[in-house]
Amino acid sequence: MSERNYKLTDADLRKSWFTWIMFDCCSNNWERMQNIDWALAMAPTLRKLYQNDDKAFAERLTAHMEFFNTQPTVGCAILGIVNAMEEEKAAGKEIPSEAISSVKSSMMGPLAGIGDSVMNSLIEVILMSIAMTLAYQGNVFGPILYMITWVPISVGISWFLMKRGYELGVDSISVLNGEAMNRLVEGLTTVGLVVIGGLTATYVGLSTSLTINVVDADSTAVQDVLDSILPGLLPLGITLFCYWLLTKKKVSPMALILILFVVGTLLSVLGIC
Amino acid sequence: MEITLMQAVMITLFSVLSNLMFPLLGDIGGYFGIGRPLVAGTIVGLILGDVKTGMLIGATLNAVYMNSQAVGNVMSSDVTMAGYTATALAMAGGSDTAMALALSIPIGIFGALLFTAQNAVCVFVCHWCDKYAAEGDTKKMWLYGIIIPAVIFNVIRFATTFPVIYYGAQYSAAIEAWMPEVVTNAMGVVGGILPAVGMALLLKVMVTKPSHWCFFLFGFIAFAVLGIGSVPLTILAIGLAVVLDSVRGQNTSVDSLESLE
């Protein structure tokens, strides 16, 4: 029996990371979600760790066919941690298969939450808001700016987390759930909300064509009165109305779109807008 | 505007690239990259020879579907499919944004249904792969687990998108011409207020405490009243976030000092 001294290199980790980040959305399935690509992402490193042991390789590969679902970019942290655990296990350290499974299953939920909010509701929204406001002014650089920032930032974060996960192992859980993370999310939320405010003012449009006839005077446009209170009062109002329907009345987004179709048509037909 | 066969093929190909099940850096390059309606609209505009119109239609679609991630794989609308198809049809019909918005709804729902069906088919794929994994055969896992499903699903995506763009374009111009003024006016109003849905969906996710409303109103007023551009506004917002963070940091250190005493 040859001596087991297989250390994973950056190249091995890159192979694993690339397989995951590239194909994570292929073959999604309702039974075990992203499991096929996860197993294939683990395959190159497992193959190296169990070079001469086909049986152990197949065993570990099968173990990774279990249910797995997370946000792909931030989920790279789990991939790093699990690679580190597999390496130790192959080196002969006493790590039961269940321990690896439980790391995966206990982390995928929280990281999916962090990933969805940080990547898609914060970073993407902030970059997209800037791009969309530029686009609104007819600037074609808007969508280009989005692509040349969003893609490298996402890929960079995923590789960084992969490396961190591998180096820190299970300890990286505390980093991702720690105080620094909360501060980052709070900061990004502040920035995100400010730019969404600007985006709302840019893209939501509603104005009234009503006039009031004041006695012994010319008719006054209601819109002028509203503008003197706060420009954009009606767009702000309709946005808050939608928010109210979504949160307090639990209306689904698709139903809300249909409601707005009806509201908009009525406002137009009745001559209010 | 007419859409030629070649243009329809090119738009459809980009639509396929943006499919969640197409391996273009997972969801980074596809679904959240060229699949975002702003980018999709710009690409459609580029192919049809009017970048700005495509971009503006795409941007408005993007505002409506601002926060449309598939949480836990449950997708309510496939925005990538809607973005390409609806922008192309609207441009063919006379570049009406409201028309693109109206078209995006059925197309998006169809795309989401297709995605749901593909996830169901992949359950069988998953069971095949169980067998190959037990044999340690990664080559077969790649072939049956990733490559064959990806080819089939993306061919289906092409086959469902292309006819809608190519044949639909001829009708959308006719519909646009036929539309009475009452409807056009109403659609104009609807097109103006629909982006409120996208904004409200974002607010629903991001507002976790009442004080967050201040930031939203700050941004709104900065733009609506003061007319600050998006880049300066973002820089201001980052400054605000950093200041607030350091203030909070001081407060916590004061708290911890008090607790020491």
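From B:LEU226, B:LEU236, which residue is part of a loop (DSSP other than H, G, I, E, B), open to solvent by 60 Å² or more (accessible area, probe 1.4 Å) and farther than 16 Å from A:LEU122 by Cα?
Within the list B:LEU226, B:LEU236, the selection yields B:LEU226.
Which one of these does B:TRP142 not meet: (1) open to solvent by 10 Å² or more (accessible area, probe 1.4 Å); (2) more than 7 Å from every other protein chain (Cβ to nearest Cβ); (3) modelled with pLDDT of 95 or more?
The single condition B:TRP142 does not satisfy is (2).
Could you identify the single residue in A:LEU193, A:LEU206, A:LEU188, A:LEU210 that is more than 30 Å from A:GLY271 (Cβ to Cβ), of a type in the set (A, V, I, L, M) and open to solvent by 20 Å² or more (accessible area, probe 1.4 Å)?
On the way: A:LEU193 fails: open to solvent by 20 Å² or more (accessible area, probe 1.4 Å); A:LEU206 fails: more than 30 Å from A:GLY271 (Cβ to Cβ); A:LEU210 fails: more than 30 Å from A:GLY271 (Cβ to Cβ).
After ruling out the rest, the residue left standing is A:LEU188.
Here are some residues: A:VAL214, A:VAL204. Which one is within 19 Å of A:SER129 (Cβ to Cβ) and touching a Ser or Thr at 6+ places or on another chain (Cβ under 7 Å)?
Going through A:VAL214, A:VAL204 in turn, the sole match is A:VAL204.
Looking at A:SER207, is it more than 30 Å from A:GLY109 (Cβ to Cβ), within 13 Å of chain B (Cβ to nearest Cβ) and of a type in the set (Gly, Ala, Ser)?
Criteria met by A:SER207.
Could you pull out every one of the helices (runs of 4 or more DSSP H) wholly within region A:1-78 that has 3 or more residues that are in contact (Cβ under 8 Å) with a residue 60 or more places away in the chain and within 24 Å of the chain's Cα centre (by Cα)?
Hits in region A:1-78: A:10-23.
Looking at this structure, is A:LEU230 out of contact with any helix residue (DSSP H, G or I) (no Cβ under 6 Å at 6 or more places or on another chain) and facing another protein chain (nearest Cβ under 8 Å)?
Criteria met by A:LEU230.
Looking only at region B:33-68, filter to residues that are without any contact (Cβ under 8 Å) to a residue 12 or more places away in the chain and not small (Gly, Ala, Ser); which one of those is farthest from the other protein chains (Cβ to nearest Cβ)?
Residue satisfying both the conditions and the ranking: B:LEU46.
Out of all the residues in region A:81-97, is one or more among the basic types (Lys, Arg), closer than 17 Å to A:ALA43 by Cβ and in contact with a strand residue (DSSP E or B) (Cβ under 7 Å, 6 or more places away or on another chain)?
Within region A:81-97 (the criterion being among the basic types (Lys, Arg), closer than 17 Å to A:ALA43 by Cβ and in contact with a strand residue (DSSP E or B) (Cβ under 7 Å, 6 or more places away or on another chain)), the answer is no, since none of the residues qualifies.
Consider B:GLY58 against the criteria (1) closer than 19 Å to A:LEU127 by Cβ; (2) modelled with pLDDT under 90; (3) touching a Pro at 6+ places or on another chain (Cβ under 7 Å): it satisfies all of them except one. Which criterion is unmet?
Only one criterion in (1) closer than 19 Å to A:LEU127 by Cβ; (2) modelled with pLDDT under 90; (3) touching a Pro at 6+ places or on another chain (Cβ under 7 Å) is unmet by B:GLY58, namely (2).
Would you point out which residue out of B:PHE22, B:PHE14 is open to solvent by 10 Å² or more (accessible area, probe 1.4 Å) and in a loop (DSSP other than H, G, I, E, B)? Walk me through it before giving the result.
Details: B:PHE14 fails: in a loop (DSSP other than H, G, I, E, B).
On inspection, the qualifying residue turns out to be B:PHE22.
Name the residues in region A:131-156 that are open to solvent by 20 Å² or more (accessible area, probe 1.4 Å), part of a helix (DSSP H, G or I) and β-branched (Val, Ile, Thr), would you?
Within region A:131-156, A:ILE144, A:ILE148, A:THR149, A:VAL151, A:ILE153, A:VAL155 qualify.
Considering only residues that are surrounded by fewer than 18 Cβ atoms within 10 Å (Cβ to Cβ) and assigned to a helix (DSSP H, G or I), which ones fall in region A:242-262?
Listed by number, the residues that qualify are A:TRP244, A:THR247, A:MET254, A:ALA255, A:LEU258, A:ILE259, A:VAL262.
For region A:46-89, give me the residue count where each residue is under 25 Å from A:PRO110 (Cα atoms), charged (D, E, K, R), open to solvent by 50 Å² or more (accessible area, probe 1.4 Å) and within 12 Å of chain B (Cβ to nearest Cβ).
1
More than 28 Å from B:SER76 (Cα to Cα) and assigned by TED's automatic domain parsing to the domain that holds B:THR97: which single residue out of B:ALA186, B:ALA196, B:ALA224, B:ALA177 fits that description?
It is B:ALA177.
On the basis of being of a type outside the set (Val, Ile, Thr) and not assigned by TED's automatic domain parsing to the domain that holds A:ASP116, does A:SER172 make the cut?
Numbers: of a type outside the set (Val, Ile, Thr): yes; not assigned by TED's automatic domain parsing to the domain that holds A:ASP116: no.
No, not satisfied.
Return yes or no: is A:MET147 under 19 Å from the mean Cα position of the chain (by Cα) and within 25 Å of B:GLY58 (Cβ to Cβ)?
Here the answer is yes, as A:MET147 does meet what is asked.
Is it the case that B:ILE43 is in the same structural domain as B:LEU89 (by TED's automatic domain parsing) and either more than 14 Å from the chain's Cα centre (by Cα) or under 23 Å from B:VAL9 (Cβ atoms) (or both)?
So B:ILE43 passes the test.
Which of the numbered conditions does A:THR239 fail, given that it passes all the others? Conditions: (1) assigned to a helix (DSSP H, G or I); (2) of a type in the set (Val, Ile, Thr); (3) more than 9 Å from chain B (Cβ to nearest Cβ).
Tallying (1) assigned to a helix (DSSP H, G or I); (2) of a type in the set (Val, Ile, Thr); (3) more than 9 Å from chain B (Cβ to nearest Cβ), A:THR239 fails exactly one: (3).
Pairs, please: C-beta under 9 Å, at least 6 apart or cross-chain, first residue over 15 Å from A:GLU179 (Cα atoms) and of a type outside the set (Phe, Trp, Tyr) and in region B:233-261, second open to solvent by 80 Å² or more (accessible area, probe 1.4 Å) and at pLDDT 55 or above?
B:LEU236/B:PHE218; B:ALA237/B:PHE218; B:LEU240/B:PHE218
List the number of the failed condition for B:ASN67; all other conditions in (1) farther than 30 Å from A:HIS64 by Cβ; (2) part of a helix (DSSP H, G or I) hold.
Evaluating B:ASN67 over (1) farther than 30 Å from A:HIS64 by Cβ; (2) part of a helix (DSSP H, G or I) leaves (2) as the failure.
From (1) open to solvent by 30 Å² or more (accessible area, probe 1.4 Å); (2) facing chain A (nearest Cβ under 8 Å), pick out the condition that doesn't hold for B:GLU181.
Condition not satisfied by B:GLU181: (2).
For A:GLU179, state whether it is modelled with pLDDT under 95, out of contact with any Asp or Glu (no Cβ under 8 Å at 6 or more places or on another chain), open to solvent by 20 Å² or more (accessible area, probe 1.4 Å) and facing chain B (nearest Cβ under 10 Å).
Details: modelled with pLDDT under 95: yes; out of contact with any Asp or Glu (no Cβ under 8 Å at 6 or more places or on another chain): yes; open to solvent by 20 Å² or more (accessible area, probe 1.4 Å): yes; facing chain B (nearest Cβ under 10 Å): yes.
Spelling it out, A:GLU179 is indeed modelled with pLDDT under 95, out of contact with any Asp or Glu (no Cβ under 8 Å at 6 or more places or on another chain), open to solvent by 20 Å² or more (accessible area, probe 1.4 Å) and facing chain B (nearest Cβ under 10 Å).
The values are calculated or read from the model by the stated rules, or taken from the named source; none is laboratory data. None of the values given here were measured: they were computed from a predicted structure. Here Cβ is always computed from backbone atoms with ideal geometry, including for glycine, and neighbour counts include all displayed protein chains. Just so you know, the surface numbers come from the protein's heavy atoms only, side chains and all, with ligands and any DNA or RNA stripped out. Shrake-Rupley method; radii C 1.70, N 1.55, O 1.52, S 1.80 Å.
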